[in-house]
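Heads up, the thing below is written out as C-alpha cells.
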Amino acid sequence: MTANRIALFVTCMVDQIMPEIGVATTRLLRRAGFTVEFPMAQTCCGQPFFNSGFRAQALPLAQRTIEILEPYEAIVIPGGSCTGMIRVEYPHLLQDNPRWYYAARRLAAKTFELSEFLCKLESDDWRQSTANCQETVTYHDSCHMNRILGLHDEPRRLLQAVGYTIAEMEEADRCCGFGGVFSIRLPEVSNAMTAEKLRQGRATSATTLITADPGCLMQMRGMRRNDDTIQIKHLAVALEEAITGKPWSME
Amino acid sequence: MTTTTAQFRERATIALEDVRLQQALDGATGRFATARQAALAAIPWADELRDHFKAIRAATLANLAEHLQTFERQATAVGTHVHWAQDGAEACAIVTEIAQRHGVTLATKSKSMATEEIHLNAALAKAGVRPVETDLGEWIIQLAEEPPSHIIAPAIHKTKEQVAELFERESGRPQSAADIPALTAEARRMLREQFLAAGMGISGGNLAVAETGSVVLVTNEGNGRMVTTAPRVHVAIIGIEKIAPTWDDAAVWLSLLARSATGQPMSIYTTVITGPKRTAALDGLPDPDGPEEVHVVLLDNGRSPLVGSKYEEVLQCIRCGACLNVCPVYREAGGHAYGSPYSGPIGAVISPLLFGLDKYPALPHASSLCGACQDVCPARIDLPRMLLELRADLVTQGIAHGSEAVLEGSVSLAMRSERVWALLMGMGRVGQRPLLKNGKLALPERFNPGGERPLPALAKKSFHDLWRDGEV
C-alpha cells in the first residue's frame with residue numbers, strides 16, 4: 001500500500017485519556033515511511049451516541065468526521081471499535097441521504113485500524129530494527145475489531161514479528177466488559193465481565209495483556225489492582241517498546 | 001413483569017454474589033457452548049447449512065400467512081383442531097375451555113416456552129385444572145415457583161441440594177443430594193403417577209410442518225411422548241413463526257436445532273404428531289395410538305406486527321438457546337435478571353418486542369454489543385443490530401430518561417466544535433487535580449462504577465496539545 005497523505009484519527013479516548021497511544025502510533029507510521037498528519041478539528045466519531053440510541057446526536061459528529069477526514073488518502077486509527085463505527089455504521093447511519101451515504105462509503109474504503117494498516121504494507125520498515133524482545137504476552141480480541149472488522153490474526157502477526165511470544169487466554173475473544181456506556185449503565189455486570197477477563201489473562205504465562213482498543217484498555221486498567229501480576233498495554237505501545245528495546249517513554 | 005435498569009442491576013447483583021449460581025452458570029453454559037462448537041465442527045458444511053437455513057427462514061416469513069393456512073388445511077384434514085390466538089389471554093382461554101369441556105382436573109405438560117410466555121399454568125390453576133410440568137428442569141422450577149432462567153435448561157440456577165429439598169417437600173420422603181440417580185428415579189416415580197392420571201397433555205412445538213399439518217417435538221427425557229400420547233386430549237401451543245413449509249425445510253431445521261442447543265446431532269426423541277389416533281386408514285395406514293383429540297393453538301401474541309418490520313429477522317429464532325451460552329452478560333447476570341421467560345441476547349430483543357419496550361426498557365442495554373450471539377445463531381440473526389434499533393426506539397419513543405437525553409445532547413453539541421470540547425476538557429483537567437491518584441480519580445467508592453472501578457483521569461496534556469506543541 002502506498003499513500004502520501006495519511007491522517008491519524010486518534011479517537012476521543014486516546015486524545016483525552018491515553019495520548020501516549022497516539023504518540024506510539026505516530027512513531028510506528030513514521031518509521032514505516034509515512035508523513036503523518038493530524039487533522040486538528042477531529043473530536044469523536046459519534047459511536048457513544050449511536051450505540052446509546054441517540055442517532056440524531058451521532059449524525060452531526062459522523063458528518064463532521066467525514067468532512068474532516070475526506071481529504072486524506074488513508075486514515076489510520078489505533079482502535080478497532082471506532083474503525084468499525086466509521087467503516088460499518090456510518091453507511092448505515094447515513095443511508096437515507098445519497099450524498100452522505102456515498103461520502104461515508106468512500107471514507108469507509110480508506111479507513112484502517114492500525115494493525116490492519118501495518119499488515120497491508122509491503123515493507124516491514126515499521127519495525128525497522130532487529131527487534132527481538134523475549135517477553136510472553138497475551139492478546140485480548142476486542143469484540144468489534146474481531147467480529148465486525150474480522151481482524152484476528154493481524155495484531156498477533158505484528159506482535160510475533162517483533163519477537164513477542166503469545167500465550168493465548170482460554171477465551172481471547174470474550175468481551176472485556178466495556179461496551180461503552182454499558183460499563184456505566186450496568187457497572188456490576190460490566191465489572192464482573194472484566195474480572196473474568198483479567199482472571200483469564202493472569203492464568204496464562206504472560207506478563208502483559210495486550211489489546212488494540214482504547215476502550216478495552218481503559219476498562220481493564222480500571223479493574224486492575226495496583227499490585228497486579230499482569231500489565232495491560234495497547235498494541236502500539238507494546239510494539240514500540242519491543243522495537244526500541246526500552247520501556248515506553250514519551251520522550 | 002418489568003425490567004428497568006435499577007431492577008436489572010438489583011437482580012444481577014443477587015446472581016453475582018451467589019457463588020454457587022456463578023459456578024453452575026459457568027459450568028453449564030460452557031459445556032453447552034463447547035458441545036455446540038464440536039457438533040458443528042463435525043459437519044464440514046456447517047456454515048453453508050446455516051446460510052441455507054437462514055434463507056429458508058427468511059423465505060418462510062415472507063409468505064408466513066400462506067404457510068400457516070396450508071398448515072391449518074393439512075392439520076384439519078388429518079383430524080387436528082386448529083385454533084388461532086391473537087394474544088396470551090385468548091390462548092389461555094382456548095386451552096382452559098378445552099380442559100373444562102373434557103372435565104379435566106389434571107394436565108401434564110412438556111416443556112414449552114410459549115406457555116411460559118402466556119402464563120398458562122396460572123390460567124389453568126385459576127380454572128381448576130392442575131398443571132404438572134414433566135420436563136425435569138421445568139418441574140423443578142414449578143415446585144420452586146420460579147420462572148425459567150434458561151431457554152433450554154430452565155433450572156440451570158438450581159443446585160442439587162435445592163432440588164433434593166424440593167423433592168423432599170413434594171414426596172414427603174427424605175432425599176439425598178449426593179445421589180443424583182436416586183433423585184431422578186424419584187422424579188420419574190412421582191411423575192409416572194401424573195402421566196397416568198392426567199386427562200390432558202399440553203406441549204409446545206419446536207416446529208410445525210405445513211405440508212403435512214404435523215407438529216414436531218424435540219425432547220431428551222421422553223416426557224414429551226408421555227404427555228402427547230397417554231392422555232385422551234393433547235393440546236400444542238406454537239408461535240406462528242415456528243413453521244416449516246416442507247419436510248425438506250424441517251430436515252435442515254432439525255439438523256441445526258439440537259446441535260446448536262446441546263451439541264447433540266439430534267436430541268434423544270424427535271416426535272412427530274400428525275393428528276389424533278385413527279382406526280380408519282389414512283394414506284393406507286391406520287394409526288391406533290395416541291390421543292382421541294389433538295388441538296393446535298397458533299399463538300400470535302405480538303408476533304405478526306413484527307412481520308415486515310425492521311425486526312422481522314428476529315422471528316427466524318428457533319429457541320435453541322445458543323446465544324445465551326456465549327453471552328458474557330448472561331453468563332454473569334443469569335437469566336432471572338432479565339425479568340422475562342426469555343433471557344439472554346434473544347430475550348433482550350424479543351421481550352421488549354413481544355411484551356412492550358416500555359415494560360422492558362433496560363433490556364436493549366443489557367448487552368455490551370460484543371456480537372458473540374450472532375456468531376453462534378443457527379439463523380445468524382443480527383441480534384446486535386436489533387439491540388441498536390431498540391435503543392434508538394427508546395429514544396424516539398421518549399422512553400429513555402429525559403436527563404440522559406439532555407446529557408447526550410449537550411456532550412454531542414460540545415463535540416461538534418473542537419474548541420468548545422478542548423475548553424471543557426481543559427476545565428476538567430484543572431478540576432480533577434485534587435482527586436488524582438496513580439492516574440485514576442480517587443473518588444469515594446460510591447462514585448466508582450459498580451463500587452470497584454475507579455474512573456480514569458484525563459491525561460496531563462491531550463493528544464491535540466501534544467501535537468500543537470510539537471511533542472509528537
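A few remarks follow.
- Selected from B:PRO449, B:THR2, B:PHE355, residue furthest toward positive end of dipole (the protein assembly as shown; charges at beta carbon): B:PRO449
- Per-residue extension of 0.36 nm, minus the Cα-Cα distance of B:LYS437 and B:VAL406, leaves a gain of 8.1 nm for this segment.
- Centroid-to-centroid separation of the stretch B:159-232 and the stretch A:1-58 [C-alpha atoms, Å]: 58 Å
- Rg/Rh for chain B (Cα atoms only, Rh after Kirkwood) is 1.05.
- Per-pair calculated FRET efficiency, R0 = 56 Å: A:GLU122 and B:ASP87 via Cβ, rounded to 0.05: 0.35
- B:HIS67, A:HIS92 arranged by Cβ crowding within 10 Å, fewest neighbours leading: A:HIS92, B:HIS67
- For the stretch B:402-468, averaging the sequence separation of C-alpha pairs within contact (under 8 Å, six or more residues apart) and dividing by the residue count gives a relative contact order of 22 percent.
- Dipole check for the protein assembly as shown: with +1 at the C-beta of Lys and Arg, -1 at the C-beta of Asp and Glu, and the Cα centre as origin, the magnitude is about 1140 Debye.
- Distance in nm between pseudo-label sites at B:GLN100 and A:ASN4 (7 Å out along the Cβ direction from Cα): 8.5 nm
- Chain A: calculated mean residue ellipticity at 222 nm from DSSP helix runs of at least 4, using -39500 (n - 2.57): -13000 deg cm²/dmol
- At full extension, B:VAL19 and B:ARG468 could sit 156.5 nm farther apart than now, given 0.36 nm per residue minus the alpha carbon distance.
- Averaging the Cα positions of each part gives two centres, and for the stretch A:68-106 and the stretch B:79-123 these lie 52 Å apart.
- For the peptide A:56-66, the mean number of other protein chain Cβ atoms found within 10 angstrom of a residue's Cβ is 3.
- With a Förster radius of 30 Å applied to the beta-carbon distance between A:ALA56 and B:ALA38, the computed FRET efficiency rounds to 0.05.
- Reachable aspartates and glutamates, given that their alpha-carbon falls under 20 Å from the alpha-carbon of B:LYS54 and they are not under 8 places away in the same chain: B:GLU66, B:GLU211, B:GLU241, B:ASP248, B:ASP249, B:GLU312, B:GLU313, B:ASP375, B:ASP382
- Entry note, chain B: relative contact order of 21 percent, from Cα contacts under 8 Å with a spacing of 6+ residues.
- Estimated FRET transfer efficiency when R0 is 35 angstrom, pair B:ALA144-A:ARG199 (beta carbons, to 0.05): 0.70
- Mean Cα-pair separation over length for the stretch A:130-244, i.e. relative contact order, pairs under 8 Å, 6 or more apart, %: 34 percent
- Cβ-placed point charges (K, R +1; D, E -1), dipole of the stretch B:402-468 about Cα centre in debye, nearest 20: 380 debye
- Residue with peak Gaussian network fluctuation, chain A [Cα springs, cutoff 10 Å], from A:VAL189, A:VAL162, A:VAL76: A:VAL189
- Taking amide H as placed 1.01 Å from N in the peptide plane, the amide H of B:VAL132 sits under 5 Å from that of B:ALA107, B:THR108, B:LYS109, each at least 5 places away or on another chain.
- Taking the empirical scaling 2.2 N^0.38 Å for compact globular proteins as reference, the protein assembly as shown has a Cα radius of gyration ratio of 1.05.
- Note on B:ALA46 and B:GLU168: the extension gain reaches 39.4 nm, defined as 0.36 nm multiplied by sequence separation minus the Cα-Cα distance.
- Over the stretch B:55-180 - Rg/Rh using Cα atoms and the Kirkwood inverse-distance radius: 1.07
- Inter-probe distance in nm under a simple model that places probes 7 Å from Cα toward Cβ, at B:GLU66 and B:THR159: 5.6 nm
- Ordered by the number of other Cβ atoms lying within 10 Å of each residue's own Cβ, fewest first, B:SER368, B:SER403, B:SER417 fall into the sequence B:SER403, B:SER417, B:SER368.
- Size descriptors for the stretch A:130-244, from the alpha-carbon set: Rg then Dmax equal 13.6, 46 Å.
- Springs join every pair of Cα atoms under 10 Å in this Gaussian network model of chain A, and among A:PRO78, A:PRO39, A:PRO155 the largest mean-square fluctuation is at A:PRO39.
- DSSP assigns beta bridges within chain B; of those with both partners inside it, close to 35 percent run antiparallel.
- Ordered by the number of other Cβ atoms lying within 10 Å of each residue's own Cβ, fewest first, A:TYR72, A:TYR102 fall into the sequence A:TYR102, A:TYR72.
- DSSP bridge pairs, the protein assembly as shown: antiparallel proportion in percent, nearest 5: 25 percent
- Those Cys residues of chain B for which no other cysteine Cβ falls under 4.7 Å: B:CYS92, B:CYS317, B:CYS320, B:CYS327, B:CYS377
- Summing Cβ point charges (Lys, Arg +1; Asp, Glu -1) relative to the Cα centre of the stretch A:130-244 gives a dipole of roughly 240 debye.
- Separation of the B:ASP289 and B:THR396 label points, Cα + 7 Å toward Cβ, nm: 5.3 nm
- Cβ-defined net charge surrounding A:PRO78, 10 Å radius [Lys, Arg +1; Asp, Glu -1]: -2
- Projection of the Cα convex hull of the stretch B:134-264, averaged over all directions and equal to a quarter of that hull's surface, yields 8.9 nm².
Any read-out appearing in this document is the output of simple, stated calculations on the displayed coordinates, not a laboratory observation. Given the structure is predicted, the values throughout are model-derived calculations rather than measurements. Every residue, glycine among them, receives a Cβ derived from its backbone with ideal geometry; neighbour counts consider all protein chains shown.
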